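> Got a structure for you, questions after.
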Amino acid sequence: MDAKYVRYELDGEVATVTIDRPRQRNVISRRVYRELDDAFARAENDDGVKVIVVAGAGDHFGGGHDLGTQESREELPEYPRDFSPLGRVREMDRGVYWRMHDRWRNIGKPTIAMVQGYCIMGSWMLVAACDLVVAADDAKFADRSVRWGGAHHEYPTHFLDLGSKKAKEHLWTGDFITAEEAERAGFVNHVVPREKLREATMWLARRVALNDLLALKLSKMSINQAADILGESAAIRASGNFWILGGMIDRGESASDRVAWSKERNERFDAQERAEGRPW
């Protein structure tokens, strides 16, 4: 498939995979998912590539899933969606969400996310699948699923990224997490000035690429498999089931019931938006 939204660039032993939809804040449609998967496979199968950098073009790393741009509507015949409870189960099982991100997590080469601006929900999922994260000082992370009446996004790594208590607070408030907060939690490796983001990320990528490719692959496998023995991947998969359950919330049988439920949900979301900020 010819790439329309994902750029693939080589710089020595570093491949950069960039979502290139800046006007839409790099939101991720079905086509973007497939193009990302193709780009990662290309980098993994190239023995000349040792490190993969993941980026978003423009001012923001990504605004999450594509919930209805003109382009995504035009893609529907090729990439149909089924939002029914059974459809959501199939989505998980066919690999659009958990399986795809878990595969990216286990690519046999180091992956580094280069994050600036907003990194929301589906874009957070992509970053969570990477090994290292370099963030600009203006980067902000958010998953506002609970505000919308759900549980969390489809690849729920929050308890790993932030720790259980911080994860709960974030999901229940939906407030943005700053780059500095994410660094303190251990989710982000380095926070740098925005104008230094690319330079810092490429420095880290080239530093990692000084190592032998097989040694990089084995060390990554060792850490990931140890984490999985402790239950990491299974825990993410199990938590993902609650995303499915979120789609089964009773919204009423009639059209008027569903409209009323949506109105109530939007009112709750707006109440969170208007809520007083931290008093400290």
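> Of these, R147, R184, R103, which one is surrounded by fewer than 23 Cβ atoms within 10 Å (Cβ to Cβ), more than 22 Å from R274 (Cα to Cα) and more than 14 Å from the chain's Cα centre (by Cα)?
One residue alone meets the criteria, R184.
> Considering only the range 109-129, state which residues are closer than 15 Å to V17 by Cβ and out of contact with any Phe, Trp or Tyr (no Cβ under 8 Å at 6 or more places or on another chain).
K109, P110, I112
> Mind checking which helices (runs of 4 or more DSSP H) fall wholly inside the range 10-98 and carry at least 1 residues that are modelled with pLDDT of 90 or more and over 26 Å from G150 (Cβ atoms)?
30-44
> Six or more apart or on different chains, Cβ under 6 Å: which pairs go from a residue in the range 264-276 that's polar (S, T, N, Q) to one that's assigned to a helix (DSSP H, G or I)? Could you list them?
Q272/R147
For (1) in contact with a strand residue (DSSP E or B) (Cβ under 7 Å, 6 or more places away or on another chain); (2) under 15 Å from I177 (Cα atoms), each residue gets a yes or a no:
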position	(1), (2)
R105	no, no
G108	no, no
A113	yes, no
A128	no, yes
D131	yes, no
F141	yes, yes
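> Is one or more of the residues making up the range 238-259 modelled with pLDDT under 85, under 17 Å from R105 (Cα atoms) and of a type in the set (A, V, I, L, M, F, W, C)?
Among the residues of the range 238-259, at least one is modelled with pLDDT under 85, under 17 Å from R105 (Cα atoms) and of a type in the set (A, V, I, L, M, F, W, C), which makes the answer yes.
> So the check is Cβ under 8 Å with 6+ separation or different chains; which pairs have a first residue in the range 21-50 that's under 25 Å from R73 (Cα atoms) and a second one that's surrounded by fewer than 17 Cβ atoms within 10 Å (Cβ to Cβ) and among the β-branched types (V, I, T)?
Q24/T69; V27/T69; S29/T69
The values are calculated or read from the model by the stated rules, or taken from the named source; none is laboratory data. From a predicted model like this one, the values you see are computed outputs, not experimental measurements. Note that we place each Cβ from the backbone using ideal geometry, even for glycine, and neighbour counts take in every protein chain shown.
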